[in-house]
């Protein structure tokens, strides 16, 4: 491969990350600090593209709905458990009322957790306070291009996450938290159904069988409530997590690739527009990328849009994701084109579904809409999850040049592939 992408390009991306962390700091969704991070990315894009080719799109977001669904579900779980335990023991309250209420709350707790946190649906968002967030979009074409037939998008997200309480305290024990919460929700629904059956049939044995005892309270009910109620911390101002790897590294790489292509326009495919997007509110449940897809869906389809998203660039080997949030599959054609680019670039890579614990990425919003997309995840799971993911340790000092350089090399080859395929 021609030595066109160099360590200087990766170093430029790293310097952007350092600048944002030093000048702004953490920036959770919908905060002034998130907007400050977006402003610095906008400034860098304008330096290369000109202000006329950079846009900021605002959108409203229920910043705490996605993560807030966990403590909300935990409260409903606790209420359901108490109603189940005290069925028939509360003077003046019919056992049927407490049992039906316990069942309703247990179903609602499970539904809220599954739809909002697992599936990323905006299930409880209407009930949460709204804030403003922003996407930053830069546009670039080869000089002289008057007609655009294809759109290539390079993206990351500039917001940072609230601190995950249990990663820092439990280490690898983190992997018992979400499974315990899910088990507890299912157990509570099952026990409530059994208890209601006992009341309907008049069977005291079935009623007792469906009433929670110490065993199920010790595990999974009470641990799930504790895990859920204290899942996150550090929500004041912009938060406590710098978000250097997750995911300023990605937004900075999009800017670095923009700078390179502005200097080397011969690599921009003909009749193609390249957009460099830094999404907001990814840590609020992919809300920034979803808003962008909703607003531009017709255009994205018309221009045969293809999105190459970057996520947590912290490990030399690049994982090319075949699936994303909610189990949605990324386009095989898109994945294959990225694999071919990785092979030409000579960078280490693997291809696999989204790993457990990695959550969804902004590419998921595109694939769910039937668009071509995938995510590059240069991130070692589970080791780096325990090391710094959603923790105060996620600062610029954990980033190294090699992962950044590998992503740039792969991206360069992917852009060239799209030029050759036109």
Exercise. Mind pulling the angle between the C-alpha long axis of helix 287-302 and the longest principal axis of the chain? Nearest 10 degrees, somewhere in 0 to 90.
Key: 50
Quiz item: Using Cα atoms only, what is the angle between the long axis of helix 7-23 and the major principal axis of the chain, expressed in degrees (0 to 90) to the nearest 10?
Solution: 50
Quiz item: What shape does region 319-376 have by the C-alpha gyration tensor, where a ≥ b ≥ c are the square roots of the eigenvalues, rounded means a/c under 1.5, and otherwise prolate means a/b greater than b/c and oblate the rest?
Solution: oblate
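Give the order of 204, 365, 101 when sorted by the count of other beta carbons within 10 angstrom, beginning with the fewest. Walk me through the numbers on the way to the answer.
Numbers: 204 11, 365 29, 101 17.
The most exposed by this proxy come first: 204, 101, 365.
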Practice problem: Please sort 409-418, 291-300, 249-258 by packing, taking for each peptide the average over its residues of neighbouring beta carbons within 10 angstrom, highest first. | Solution: 249-258, 409-418, 291-300
Quiz prompt | Inter-site label distance for residue 55 and residue 104 at 7 Å from Cα along Cβ, in nm | solution = 4.6
Practice problem: Compute from the Cα atoms of region 157-236 the Rg and the Dmax, the latter being the longest Cα-Cα distance, and quote both in angstrom. | Solution: 17.2, 58
Quiz item: Helix 95-112 sits at what angle to the longest principal axis of the chain, using alpha carbons and giving 0 to 90 degrees rounded to 10?
Solution: 10
Practice problem: Could you calculate the contour length gain from residue 401 to residue 82, that is, 0.36 nm times the residue separation minus the distance between their Cα atoms, to one decimal place in nm? | Solution: 109.5 nm
Quiz item: What distance in nm separates the simple spin-label points at residue 417 and residue 219, each placed 7 Å from Cα in the Cβ direction?
Solution: 4.5
Quiz item: At a Förster distance of 51 Å, what's the computed FRET efficiency of residue 205 paired with residue 129, Cβ-Cβ distance as r, to 0.05?
Solution: 0.60
Practice problem: Report the label-to-label distance for residue 392 and residue 336 in nanometres (one decimal), using points 7 Å from each Cα along the Cα→Cβ vector. | Solution: 4.9
Exercise. Hey, for a label at residue 46 modelled as a point 7 Å past Cα toward Cβ, could you say which residues of region 138-162 have their backbone N under 15 Å away?
Key: 138-139
Practice problem: Would you please report the Å³ per residue occupied by the convex hull of the alpha carbon atoms in region 50-177? | Solution: 186
Quiz item: Can you give me the relative contact order of the chain as a percent, contacts being Cα pairs under 8 Å and 6 or more apart?
Solution: 24
Self-check item: Listed residues 378, 396, 348, most fluctuating in the chain (Gaussian network, C-alpha, under 10 Å)
Solution: 348
Exercise. Would you calculate, for the chain, the mean residue ellipticity at 222 nm contributed by helices, counting each DSSP H stretch of 4 or more residues as -39,500 (n - 2.57) and dividing by all residues, to the nearest 500?
Key: -15000 deg cm²/dmol
Self-check item: Highest-fluctuation residue, 92, 346, 144 considered, GNM on the chain with Cα pairs under 10 Å
Solution: 92
Quiz item: Where the convex hull is taken over the Cα atoms of region 38-117, what is its projected area averaged over directions, in nm²?
Solution: 7.5
Quiz item: Given a Förster radius of 25 Å and the C-beta distance between residue 119 and residue 147 as r, what FRET efficiency does 1/(1 + (r/R0)^6) yield to the nearest 0.05?
Solution: 0.05
Quiz item: Which residue, 79, 65, 373, tops the fluctuation ranking in a GNM of the chain built on C-alpha contacts under 10 Å?
Solution: 79
Exercise. With a ≥ b ≥ c taken as the square roots of the eigenvalues of the C-alpha gyration tensor of the chain, please select rounded if a/c is under 1.5 and otherwise prolate if a/b is larger than b/c or oblate if it is not?
Key: prolate
Quiz item: Between residue 237 and residue 90, what is the FRET efficiency for a Förster distance of 45 Å, r being their Cβ-Cβ separation, to the nearest 0.05?
Solution: 0.55
Practice problem: Report the full-extension gain for the segment residue 264 to residue 172: residue separation times 0.36 nm, less the Cα-Cα distance, to one decimal in nm. | Solution: 28.6 nm
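Quick note: the coordinates plus some simple rules give every number you see, no bench work behind them. Since this is a predicted model, take the numbers as computed values, not measurements. Neighbour counts run over all protein chains shown; Cβ positions are idealised from the backbone, glycine included.
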